[in-house]
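The values are calculated or read from the model by the stated rules, or taken from the named source; none is laboratory data. Quantities reported herein were computed from a predicted structural model and do not represent experimental measurements. FYI the Cβ positions are ideal-geometry reconstructions off the backbone, even for glycines, and counts take in every protein chain you see. Each accessible area value is taken on the protein alone, full model and side chains, heavy atoms only, with ligands, DNA and RNA left out. Shrake-Rupley method; radii C 1.70, N 1.55, O 1.52, S 1.80 Å.
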Amino acid sequence: MGKFGLQFKATLENVTNVRPLGDDFRWFLKLKCGNCGEVPDKWQYVTLVESVPLKGGRGSASMVQKCKLCARENSIDILGDTITPYNAEDSESFKTMVQFECRGLEPIDFQPQAGFAVQGAESGTQFPEVNLQEKDWTDYDEKVRESVGIYEVTHRFIKC
């Protein structure tokens, strides 16, 4: 069993408080089987609202899956109390945004998609439903008459 932190890095322009919005936020991941090394082609997602019981009454996880290659049952759980926003002062540096507890799996890739929320740095203007799939996002903050944006989104995983 291991804990992995998803570290987020981006250049922020006139925004702060980049965060996943709601317990139903989908973390799209590529997961590698720790037993045989199989990595499925498809993106898989985990959310805080989904909970699946583990075999043998050992609690629950956000996702339980059987490896298609070796048939081993693996699981991943989002540690909800580790979710933290990415703020203006974090711009251009890596910061752990969430941690996952993994049993038999290792996250190897992350694809940001829709569901992020952002706040204007000067105005406090809320920008819900920001999509970071293209690794860039731009908009206009009417209150302060400035362009806002998130650029060069990248990530990495670390062992915690």
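Scanning region 130-151 for residues that are under 17 Å from A10 (Cβ atoms) and either outside any strand (DSSP E or B) or modelled with pLDDT under 95 (or both) yields a count of 6. Taking residues in region 47-64 that are in contact (Cβ under 8 Å) with a residue 24 or more places away in the chain and part of a strand (DSSP E or B), and partners anywhere that are open to solvent by 50 Å² or more (accessible area, probe 1.4 Å) and of a type in the set (S, T, Y), the pairs with Cβ atoms closer than 9 Å and at least 6 places apart or on different chains are A61/S51. Taken together, the criteria exclude D81 from residues that are acidic (D, E), open to solvent by 30 Å² or more (accessible area, probe 1.4 Å), free of Cβ contacts under 8 Å to residues at least 40 places away in the same chain and closer than 15 Å to F110 by Cα.
Looking at M97, M1, can you tell me which residue is modelled with pLDDT under 95 and closer than 20 Å to F157 by Cα?
Going through M97, M1 in turn, the sole match is M1.
Pairs are defined by a Cβ separation below 8 Å, a sequence spacing of at least 6 or placement on different chains, a first member in region 117-128 that is over 11 Å from L21 (Cβ atoms), and a second member that is among the hydroxyl-bearing types (S, T, Y) and assigned to a loop (DSSP other than H, G, I, E, B); the pairs so defined are Q119/T125.
Residue by residue, here is whether (1) within 30 Å of D136 (Cα to Cα); (2) in a helix (DSSP H, G or I); (3) among the basic types (K, R) holds:
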{"position": "E38", "(1), (2), (3)": "no, no, no"}
{"position": "D77", "(1), (2), (3)": "yes, no, no"}
{"position": "D81", "(1), (2), (3)": "yes, yes, no"}
{"position": "T96", "(1), (2), (3)": "yes, no, no"}
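Residues of region 12-26 that are part of a strand (DSSP E or B), within 17 Å of Q113 (Cα to Cα) and open to solvent by 30 Å² or more (accessible area, probe 1.4 Å): N17, R19.
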